[in-house]
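The next block holds one structure in the form of structure tokens; read it before the comments.
The values are calculated or read from the model by the stated rules, or taken from the named source; none is laboratory data. These numbers come from a predicted model, not from an experiment. Heads up, the Cβs are rebuilt from the backbone with ideal geometry, glycines too, and the neighbour counts pull from every protein chain shown. Protein only, heavy atoms only, side chains kept; ligands, DNA and RNA dropped before computing areas. Shrake-Rupley method; radii C 1.70, N 1.55, O 1.52, S 1.80 Å.
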Amino acid sequence: MEAAKRKRNPAEYEDDEYDTFKPPPPPSSAAANGGIDLSLLEALEKSQQNAVEVLDIKTVKKLVLAFERRLKENIAARLKYPDQPEKFADSEVELHEEIEKLKILAGGPEFYPELVNLGTIASITSLLNHENADIAIDVVGLLQDLTDEDVLEDNDEPAQILVDSLVENNALELLVQLLGKMSDSDPDESAAIYSILATVENFIEVKPSVAELVCERTKLMKWLLTRIKVREFDGNKQYASEILAILLQSSTVNQKRLGQLNGVDALLQAVAMYKSKDPKTPDEEEMVENLFDALCCLLMPLENKEKFVKSEGVELMIIIMNQKKMCYGSAIRALDFAMTNYPPACERFVDVMGLKTAFPAFMGKLPLSKKNKKRYKEELEERLVSLVASLFGGILRGSRRDRLLSKFVENECEKIDRLMELYMRYSNRVKLESERFDQLELDDLEMDEDEKYNRKLEAGLYTLQLIAVILGHLWTSEHPRIRARIDLLLKQQKLTKQDVKDILQEYHDNIGDLEGPEEKERGQSKIQRFISSF
């Protein structure tokens, strides 16, 4: 599960569509001065006075020294005149100017280790807690510039040294504390919120372990949950949803931590706003996708699946599917995550009439999408196959199992026909990929077996395997009409039961032990039963 990556300036969210016509500039004064434009001469003189020095070690030390001097002067003035702002106002303006000058260092990431060695990072991060919020916001801007991914490209080691030092000097804690003090109602503070989130994302880009560190040491998760529950959409709500998805996408620790913070319920509330309406803009649409990405990541640990069922998440996803709005596909994906290896979610799905909603979609009756129609349809097909496989794996007996099996008998076994149609399509895709391997080997481009298997999975082998697993469940039900239909369809396609067995055998041999040796053995024995029954 990939969360979308992008960097935006808050100004992008401002509407520039109605820019007014600007009159042309006044005529040049050059004619009045014998052809010499005095304003150009003044500008040239000023630029020479303020010329930026070449960035080298000497310049870095000079910038740092000037910054440290202004910082000490500001601290001294504030201590001497704590109740007389006019007495330390000038020192604050000068400090602001020195912080702005430090931004030049973003042009030379190779000097970051020197910046760290000079002990400047502690001084910079301390200003995140400055009594003047404008100074703290200046520092956020500086940190965002220094850690920008475009700046750090091909500078991995200096970037690591800088981020390590920032983390050691409590930058994460101070950034999140500052986040809590900022208000979206103030334009400057709203822009600062965006910059803080961008800086945290930059840290994670450089040092992925920051994703867990920031959640362990700060209340960032709590702040993000509060932010996504606000009804009105804006750029910061969108960015909050993206950061949440990034924090969850590859960390079981964070998934469990957010679950303990009532995160499942918060995300369900956030997506429920779109159960019967579509997002109004592409940015809002991206935010909703981020929310569903976060929800799906959150549904990986078992305890969060339980919370999802208790919070009536299954019911909400079925409502969203029935509304046939933009979130239709995302709801199917969330159900797939919730029901994988979790029978209680499968049972709830059947109890709340989920079969009635899911099987028309399984039969290909899908709402139209603005996206790439072919790929969108394929993604939903793959999710629905996985969802049906989870239902068979989670409901093994009783009236619910009978209701599930009856779906494959009704209407002249049309669902088995559909299953075989999908089987043939995915089987052909996998065969084409295998033929490509053979061609590559003829061209002396060898691939090892693991690479071949992974390429086949990308071509649709996993979906083909799940279809074979569903056929296994249907066959072992020993229902005469089901077995007769499967036999007939195999013969029509010039296939035998051995073809299905071969797919099941490859699946059996590649079941991993990610969830422990016992789970692997249980999974393999189930597939072996299907192979034997065929």
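Key figures for this structure:
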read-out	value
Set of lysines near LYS494 by C-alpha distance (under 17 Å), chain-local residues within fewer than 8 positions excluded	LYS431
The range 454-534, relative contact order in percent, only Cα pairs under 8 angstrom and at least six apart counted	37 percent
18 Å tail of the calculated P(r), the range 241-340, as % of Cα pairs	39 percent
From phi via Karplus (6.51, -1.76, 1.60), per-residue ³J(HN,Hα) for the range 325-339 in Hz, x at Gly/Pro	9, 4, 7, 3, x, 5, 5, 4, 4, 5, 4, 4, 5, 5, 8
Å² per residue, accessible surface of the range 212-274 at 1.4 Å	38 Å²
Of (i) 193; (ii) 244; (iii) 233, the label for volume of the Cα convex hull per residue in Å³ derived from the coordinates	(iii)
Diffusion constant of the range 150-218 at 20 °C, which comes from Stokes-Einstein with the Kirkwood Cα-pair radius and 1.002 mPa s, µm²/s	169 µm²/s
Reach of LYS58 by Cα under 24 Å, taken over lysines that are not fewer than 8 positions away in the same chain	LYS46, LYS72, LYS101, LYS103
Net charge contributed by nearby residues that have their C-beta within less than 12 Å of ASN262 (K/R +1, D/E -1)	+4
Phi-based couplings in Hz for the range 306-315 (Karplus 6.51, -1.76, 1.60; Gly and Pro marked x)	4, 5, 4, 5, 5, 7, 6, x, 4, 4
Probe 1.4 Å, protein heavy atoms only - accessible area per residue of the range 420-534 in square angstrom	60 Å²
log10 of Debye I(q)/I(0), alpha-carbon scatterers only, for the range 107-163 at 0.14, 0.16, 0.19, 0.22 Å⁻¹	-0.39, -0.50, -0.68, -0.85
Pairs from LYS407/LYS497; LYS356/LYS497; LYS324/LYS520; LYS305/LYS377; LYS256/LYS415; LYS219/LYS374 whose Cα-Cα separation, in the structure shown, is over 32 Å	LYS324/LYS520; LYS256/LYS415; LYS219/LYS374
Equivalent-ellipsoid semi-axes of the range 343-498, from the Cα gyration tensor, Å, largest first	30, 19, 15
Accessible area of the chain belonging to carbon and sulfur atoms, whole % at 1.4 Å probe	49 percent
Out-of-range pairs (alpha-carbon distance over 22 Å; input LYS229/LYS325; LYS222/LYS325; LYS237/LYS280; LYS501/LYS526)	LYS222/LYS325
Percentage of interatomic Cα-Cα distances in the range 189-246 larger than 17 Å	34 percent
The range 144-301: Rg to Rh, with Rh as the Kirkwood radius over Cα pairs	0.96
The range 134-242, dipole about Cα centre (Lys/Arg Cβ +1, Asp/Glu Cβ -1), debye to the nearest 20	880 debye
Reduced Cα scattering model of the range 216-274, Debye log10 I(q)/I(0), q = 0.12, 0.14, 0.25 Å⁻¹	-0.26, -0.35, -1.11
For the range 280-389, Kirkwood radius (reciprocal of mean inverse C-alpha pair distance, Å)	14.1 Å
